[in-house]
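If you scroll down you'll find the structure; I have some questions about it.
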Amino acid sequence: MCGIIGYTGKKEAAKRLLEGLAALEYRGYDSAGVSFFSEEGKLITLKARGRLANVSAKVDACPEAKTSSCGIGHTRWATHGAPSDVNSHPHGTDALQLVHNGIIENYAELRERLTGEGYVFLSETDTEVAAVLLTSYYKKLGDKEAAFYAAMQELVGSYAFACVFADEPGTVYAARMGSPLIVGVGKGENYVASDITAILRYTKHYYQLGERDFAVVRPDGVTVKNSRGEEVHPPLETATWDVEAAEKGGYPHFMIKEINEEAKTLRDTLSPRIKNGLPDFSGEGFDVSVFRQIDKVHIVACGTAMFAGCAGKCKLEEYAKLPADTEIASEFRYAEPLVGEGDLVILVSQSGETADTLAALRLAKARGAKTLGVVNVIGSSIAREADHVLYTWAGPEISVCSTKAYTVQAALMTLLAVSAGLARGTLAEKRAREVVSLLEHDLPGEIDGILANDGGIRAAAHSLMDTKSMFFIGRGADRFLAMEGSLKLKEITYTHSEAYAAGELKHGTISLIEPGTPVVACCTVPAMFEKMLSNIREVKARGARVIALCPASAEDIRGEADFVLPVPTDDTAVSTIAGATSLQLLAYFLAAERGLDVDKPRNLAKSVTVE
Ligand code: F6R
């Protein structure tokens, strides 16, 4: 949710800023902008509404850009103020330019006060208020660091800032609270970035800034101070992701590349946690005896991560006989949740930075619950703050629409549930071994099989070309799968769809089924095939076109379907996870055939760091 970058060194800053922004564009793409110093030390700002290409064109036309060696950049997901040239970042004054990721909650009162001091605002943004506040303190105190600390005292909300002062070419100032920010370390050059993908091409080494840290970044060194102004020395981290992982590698879209990576990411995530055919989390210090000490599990997340959590809930209840609630993070945090010492709260998040999930984690900790993060981005806030973290080794997920992250989250939650079942004595070792083997040996190949035989999915997608509204239905674990399939479809194809518990349809919603209404019937759970068959017949009787997601064994269901989406197995340990891949492809093929911007659907951003 907004991407920021800063560079200082000897190379062409404007080029590096634009490259960084291209890698960060998935965090928001309503507008983009850069500020850089010319060779003579003049601070130049270029920004424009819309995609990065609009700013790139301005940079190309600016001769000073070629000799720039320090600057900042931003790609925006609009919060305060519509996407427009004037609301684009950087924002600033004669003294400085600032880029920001986050939300300044008290911007209205600060703006009023600063207007009283004679400052004039050009945009509707909260960021401009922060830039003016910083300017006002800089002019009063005459010291940049002091100005930052004074402004940070007053700002309420979340921020990652990168800032350049007009009177100090070559230095980037940075600070963070609540929004992610790293300082990349190169040779004779240093960076500031929202995440490592922005700078992977140039360095893999970085410092993770802590909450309320402040950094001064120059070509020959970096100084980091904590909220009390004391110098701190965060450990130098090295990214394990390589630059190819963050590039399309010949695929037309990141989304399809990332679906194709699911088999590998499953192996990467599961294999290190399997010893002698059984789960083993001891290598990462996670003691599964915790499952004997708790009464209840709460799985808290947002969006797709939430639906992966739902897959985990089903497995925890089935294998470990543990009550498991799934709760949307933005609801959980304001619902006075009944969470305490006897509970384990599992936070599922690809980015590890989702504001609501992070707030839910903090709330759970404050109430004395044990917390476990299931997180993809190493060193992210949720990973650092949870009592324990289990990483999903999915590598960078660039497409805004989550695919491989879901697959590994659901698989890891299943492995965890097996472990919990063994720890609690509720799952026979024989079945545990079967499930582990299915996850480790069968599932990756089955997903590759779906990708290799995608003709049926393409045909089903093509049949939806003119569809404006449709349904997804399912029972049990398939109800949650239906929700995930519906979310994928809505998100990237802009087709309205509703996900419904199949048995609930006849209590009202079936009135919306008309001749030709497409209904995707999710049937990966054999115990539910009979019931689903009845539901399929009910909607068919009203003229629905049925797309059945089911394995070969669901013969009767296939007989009723207009199209079939493959599920290569009917063992419920993995069938729902494999089914998700078919649904991801259904959405992908439709969006691609409609010529839509698959990786950057409108109004969205990847990492939702605001409430
Ligand atoms: C949908 C999607 C979102 C995210 C959600 C949570 O395809 O990607 O629904 O799953 O915003 O994000 P993380 O997992 O980063 O917490």
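Please work out which one of (1) at pLDDT below 95; (2) within 22 Å of residue 585 (Cα to Cα); (3) acidic (Asp, Glu) is the condition residue 244 fails and give its number.
Condition not satisfied by residue 244: (2).
Based on this model, can you work out whether residue 308 counts as buried (at least 19 other Cβ atoms within 10 Å of the Cβ), within 13 Å of the ligand (Cβ to nearest atom) and under 22 Å from residue 427 (Cβ atoms)?
yes
Is at least one residue of the stretch 577-600 farther than 18 Å from residue 451 by Cα, at pLDDT below 95, surrounded by 15 or more Cβ atoms within 10 Å (Cβ to Cβ) and of a type in the set (Asp, Glu)?
So far as the stretch 577-600 goes, yes, one or more of its residues are farther than 18 Å from residue 451 by Cα, at pLDDT below 95, surrounded by 15 or more Cβ atoms within 10 Å (Cβ to Cβ) and of a type in the set (Asp, Glu).
Report the residue count in the stretch 224-248 for those that are among the polar types (S, T, N, Q) and loosely packed, with under 14 Cβ neighbours inside 10 Å.
Going residue by residue through the stretch 224-248, those that are among the polar types (S, T, N, Q) are 226-227, 238, 240.
When the remaining residues are screened for being loosely packed, with under 14 Cβ neighbours inside 10 Å, the result is 238, 240.
The qualifying residues number 2.
Every residue in the stretch 252-283 that is of a type outside the set (Gly, Ala, Ser), farther than 17 Å from residue 429 by Cα and in contact with a Lys or Arg (Cβ under 8 Å, 6 or more places away or on another chain), please. Write out each step before concluding.
From the stretch 252-283, those of a type outside the set (Gly, Ala, Ser) are 252-262, 264-270, 272-276, 278-281; that's our starting set.
From what's left, farther than 17 Å from residue 429 by Cα: 252-262, 264-270, 272.
Selection gives 254, 257, 258, 259, 261, 262, 265.
Next up: Somewhere in the stretch 318-336, is a residue within 15 Å of the ligand (Cβ to nearest atom), in the same structural domain as residue 420 (by TED's automatic domain parsing), charged (D, E, K, R) and in a loop (DSSP other than H, G, I, E, B)? Steps first, answer last, please.
At the first step, the residues of the stretch 318-336 found to be within 15 Å of the ligand (Cβ to nearest atom) are 326-333.
Now narrow it down to the ones that are in the same structural domain as residue 420 (by TED's automatic domain parsing): 326-333.
Now drop any that are not charged (D, E, K, R), which leaves 327, 331, 333.
When the remaining residues are screened for being in a loop (DSSP other than H, G, I, E, B), the result is 333.
Yes, the stretch 318-336 contains at least one residue that is within 15 Å of the ligand (Cβ to nearest atom), in the same structural domain as residue 420 (by TED's automatic domain parsing), charged (D, E, K, R) and in a loop (DSSP other than H, G, I, E, B).
Let me ask something else. Mind telling me which of the residues 366, 423, 386 ends up being among the hydrophobic types (A, V, I, L, M, F, W, C) and farther than 19 Å from residue 282 by Cβ?
Values: 423 fails: farther than 19 Å from residue 282 by Cβ; 386 fails: farther than 19 Å from residue 282 by Cβ.
Exactly one of 366, 423, 386 is among the hydrophobic types (A, V, I, L, M, F, W, C) and farther than 19 Å from residue 282 by Cβ, namely 366.
Here is a yes/no grid of residues against (1) under 25 Å from residue 179 (Cα atoms); (2) of a type in the set (Ser, Thr, Tyr):
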{"site": "324", "(1), (2)": "no, no"}
{"site": "334", "(1), (2)": "yes, yes"}
{"site": "340", "(1), (2)": "no, no"}
{"site": "344", "(1), (2)": "no, no"}
{"site": "352", "(1), (2)": "yes, no"}
{"site": "358", "(1), (2)": "yes, no"}
{"site": "374", "(1), (2)": "yes, no"}
{"site": "399", "(1), (2)": "yes, yes"}
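Sticking with this structure for a sec: Just the residues that are in a loop (DSSP other than H, G, I, E, B) and within 14 Å of the ligand (Cβ to nearest atom), please, taken from the stretch 560-601. Let's see the steps before the verdict.
First pass over the stretch 560-601, keeping only residues in a loop (DSSP other than H, G, I, E, B): 561-562, 567-574, 594-601.
Listed by number, the residues that qualify are 598, 599, 600, 601.
Given the criteria of a type outside the set (Gly, Ala, Ser) and under 28 Å from the mean Cα position of the chain (by Cα), does residue 488 qualify?
Working: of a type outside the set (Gly, Ala, Ser): yes; under 28 Å from the mean Cα position of the chain (by Cα): yes.
Considered against the rule, which asks whether it is of a type outside the set (Gly, Ala, Ser) and under 28 Å from the mean Cα position of the chain (by Cα), residue 488 comes out as yes.
Out of the residues in the stretch 19-76 meeting the condition of being of a type in the set (Val, Ile, Thr) and touching a Cys at 6+ places or on another chain (Cβ under 8 Å), tell me which one is farthest from residue 219 (Cα to Cα). Walk me through how you get there before you give the answer.
Of the residues in the stretch 19-76, the ones of a type in the set (Val, Ile, Thr) are 34, 44-45, 55, 59, 67, 72, 75.
With the extra rule that they be touching a Cys at 6+ places or on another chain (Cβ under 8 Å), the set shrinks to 44, 72, 75.
Working: 44: 20, 72: 14, 75: 23 Å.
So, considering only residues that are of a type in the set (Val, Ile, Thr) and touching a Cys at 6+ places or on another chain (Cβ under 8 Å), the one farthest from residue 219 (Cα to Cα) is 75.
Under the condition of being touching a residue at least 40 places away in the same chain (Cβ under 8 Å) and touching an Asp or Glu at 6+ places or on another chain (Cβ under 7 Å), which residue from the stretch 201-213 is surrounded by the most Cβ atoms within 10 Å (Cβ to Cβ)?
The qualifying residue surrounded by the most Cβ atoms within 10 Å (Cβ to Cβ) is 208.
Output the qualifying pairs, or none if there are none: Cβ atoms under 8 angstrom, residues six or more apart or on different chains, first residue in the stretch 1-30 and closer than 16 Å to residue 183 by Cα, second residue surrounded by fewer than 21 Cβ atoms within 10 Å (Cβ to Cβ) and polar (S, T, N, Q).
As it stands, the answer is 8/171, since those pairs meet every condition given.
Restricting the first residue to the stretch 376-390 and requiring it to be assigned by TED's automatic domain parsing to the domain that holds residue 282 and free of Cβ contacts under 8 Å to residues at least 60 places away in the same chain, which pairs with a second residue that is away from the ligand (no atom under 14 Å from the Cβ) and of a type outside the set (Lys, Arg) meet a Cβ separation below 7 Å and a spacing of at least six or different chains?
Correct list of pairs: 386/371; 386/372; 387/371; 387/372.
Quick one: would you say residue 511 is assigned to a helix (DSSP H, G or I), within 16 Å of the ligand (Cβ to nearest atom) and assigned by TED's automatic domain parsing to the domain that holds residue 581?
Numbers: assigned to a helix (DSSP H, G or I): yes; within 16 Å of the ligand (Cβ to nearest atom): no; assigned by TED's automatic domain parsing to the domain that holds residue 581: yes.
In short, no.
Next question. Would you check which residues across the stretch 128-150 are among the small types (Gly, Ala, Ser) and crowded, with 24+ Cβ neighbours inside 10 Å and list them? Lay out the reasoning, then the answer.
Just the residues of the stretch 128-150 that are among the small types (Gly, Ala, Ser), to begin with: 130-131, 136, 142, 146-147, 150.
Within the stretch 128-150, 130, 131, 147 qualify.
Within the stretch 343-438, considering only strands (runs of 3 or more DSSP E) that don't extend past its boundaries, which have at least 1 residues that are away from the ligand (no atom under 14 Å from the Cβ) and touching a Lys or Arg at 6+ places or on another chain (Cβ under 6 Å)? Give the steps one after another, and end with the answer.
Details: elements: 343-349, 370-375, 388-391.
Qualifying strands (runs of 3 or more DSSP E): 343-349, 370-375.
I would also like to ask the following. For the stretch 249-276, give me each residue that is surrounded by fewer than 16 Cβ atoms within 10 Å (Cβ to Cβ) and not in a helix (DSSP H, G or I).
If the condition is that a residue be surrounded by fewer than 16 Cβ atoms within 10 Å (Cβ to Cβ) and not in a helix (DSSP H, G or I), then 249, 250, 251, 252, 275, 276 are the ones that fit.
Which residue out of 198, 146, 131 is of a type in the set (Gly, Ala, Ser) and modelled with pLDDT under 95? Talk me through it step by step, then tell me what you get.
Working: 146 fails: modelled with pLDDT under 95; 131 fails: modelled with pLDDT under 95.
Just one listed residue meets the conditions, 198.
Filter the stretch 564-582 for residues that are over 14 Å from residue 262 (Cα atoms) and not hydroxyl-bearing (Ser, Thr, Tyr) and give the result. It would help to see each step written out before you state the result.
Applying the first criterion (over 14 Å from residue 262 (Cα atoms)) to the stretch 564-582 yields 564-573, 575-576.
Selection gives 564, 565, 566, 567, 568, 570, 571, 573.
For the stretch 288-305, what are the residues that are more than 10 Å from the ligand (Cβ to nearest atom), outside any strand (DSSP E or B) and in contact with a Leu (Cβ under 9 Å, 6 or more places away or on another chain)?
The answer is 288, 290, 291, 293, 294, 295.
Kindly indicate which of 59, 34 is buried (at least 17 other Cβ atoms within 10 Å of the Cβ), assigned to a helix (DSSP H, G or I) and touching a residue at least 40 places away in the same chain (Cβ under 8 Å). It would help to see each step written out before you state the result.
Values: 34 fails: assigned to a helix (DSSP H, G or I).
Going through 59, 34 in turn, just one is buried (at least 17 other Cβ atoms within 10 Å of the Cβ), assigned to a helix (DSSP H, G or I) and touching a residue at least 40 places away in the same chain (Cβ under 8 Å): 59.
For a quick check of your reading of the model, give me the residue pairs whose first member lies in the stretch 228-239 and is farther than 24 Å from residue 204 by Cβ, whose second is not in a loop (DSSP other than H, G, I, E, B) and not hydrophobic (A, V, I, L, M, F, W, C), with beta-carbon atoms closer than 9 Å and at least 6 apart or on different chains.
Pairs that qualify, where the first residue is farther than 24 Å from residue 204 by Cβ and the partner is not in a loop (DSSP other than H, G, I, E, B) and not hydrophobic (A, V, I, L, M, F, W, C), are 229/145; 229/149; 231/223; 231/225.
The values are calculated or read from the model by the stated rules, or taken from the named source; none is laboratory data. Treat the numbers as computed from the prediction; the structure is a model and nothing was measured. When we count neighbours, we look across all protein chains shown, and the Cβ atoms used for this are built from the backbone with ideal geometry, even at glycine.
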